[in-house]
1. Give the residue, chosen from ALA35, ALA108, ALA67, ALA61, that is in a helix (DSSP H, G or I), at pLDDT below 80 and aliphatic (A, V, I, L, M).
2. Give all pairs with beta carbons closer than 9 Å in which a residue from region 38-52 that is polar (S, T, N, Q) meets a residue that is in a loop (DSSP other than H, G, I, E, B); count only pairs at least 6 apart in sequence or on separate chains.
3. Identify all residues within region 111-131 that are over 18 Å from ILE68 (Cβ atoms) and modelled with pLDDT of 80 or more; write none if there are none.
4. Condition test on ALA24, is it surrounded by 18 or more Cβ atoms within 10 Å (Cβ to Cβ) and in contact with an Asp or Glu (Cβ under 8 Å, 6 or more places away or on another chain)?
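The values are calculated or read from the model by the stated rules, or taken from the named source; none is laboratory data. Note that this is a predicted model, so its numbers are computed, not measured. Every residue, glycine among them, receives a Cβ derived from its backbone with ideal geometry; neighbour counts consider all protein chains shown.
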Amino acid sequence: MDIATFSGAFEWVIAHGYFLMFLAMLIEGPIVTAAAAFASALGYFDPILVFILSILGDLVADVIYYAIGYWGRLALVERWGHRFGLSQERMERIERLLNKHAVKTLIALKLTPILPTPGLMIVGATRMPLSRYASISLLITLPKSLLFMIIGYYFGRSYDTIARYLHGGEYAILALIIVLILAYYAHKIIVTKFSQRIEKL
C-alpha cells in the first residue's frame, strides 16, 4: 500500500493499527498523521494516542538521523549527501549556520523537503548536544503534528455533514480526500518558501 498518498495512508492505517502506524510515521509522518487523525474522527482510533505516536515518530526518526551522523561522522554524510543535493560546500554552510543560528537552521532542515535526512545527519556529525537537539526538535514537531492532526480530524468530523449535502458517502470521502491533499500540498509550498527565507538569514 502506498502511504505517500492520503487515500493510501488512510486505508493502510485502518488495516494495520497503532504499531505499524507508528512505524509508518517514521517515514511519512505528516500524511500518516493526517490520515490517522481522519480515521480517529470516524471512530477507528483514539486521537490522543495518534497525536502522541505522531510526535514520537517524528522525534525517533530525528534521533536516528542524528545518531547516524554522530557515529558515522562526516564520512558517511559526505559519501551519500550528494544523492540528496547536498554538495560539500552546502554541508559546510549548514554546519556554520548550526553554530550561529541553531534553532533557525533546524527549522529549515526539518521542514524543507529532501533536507531532513542528510541535514539531520550533519547535525549529529557536528556533535550538537543531544539534549539541545531533542529539545529544539520537539518544539518544531509539536506544532507540525498538531497541524496535521487538526486537518485530518476536523475534516473527519465533518464527514457526516458533507455526506448529507452530497447525498452519498463515496462523494463525501472523495471531497474530503481532495481537500486534505490540497491542504497538504499548500503546506509543503508554504514550508518551502519559509525555509528559503530562513536559509538567507
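1. Going through ALA35, ALA108, ALA67, ALA61 in turn, just one is in a helix (DSSP H, G or I), at pLDDT below 80 and aliphatic (A, V, I, L, M): ALA108.
2. Final answer for the pair search is SER40/ASP46.
3. The first filter runs over region 111-131 and keeps only residues over 18 Å from ILE68 (Cβ atoms), leaving 111-113, 131.
Listed by number, the list holds a single entry, SER131.
4. no
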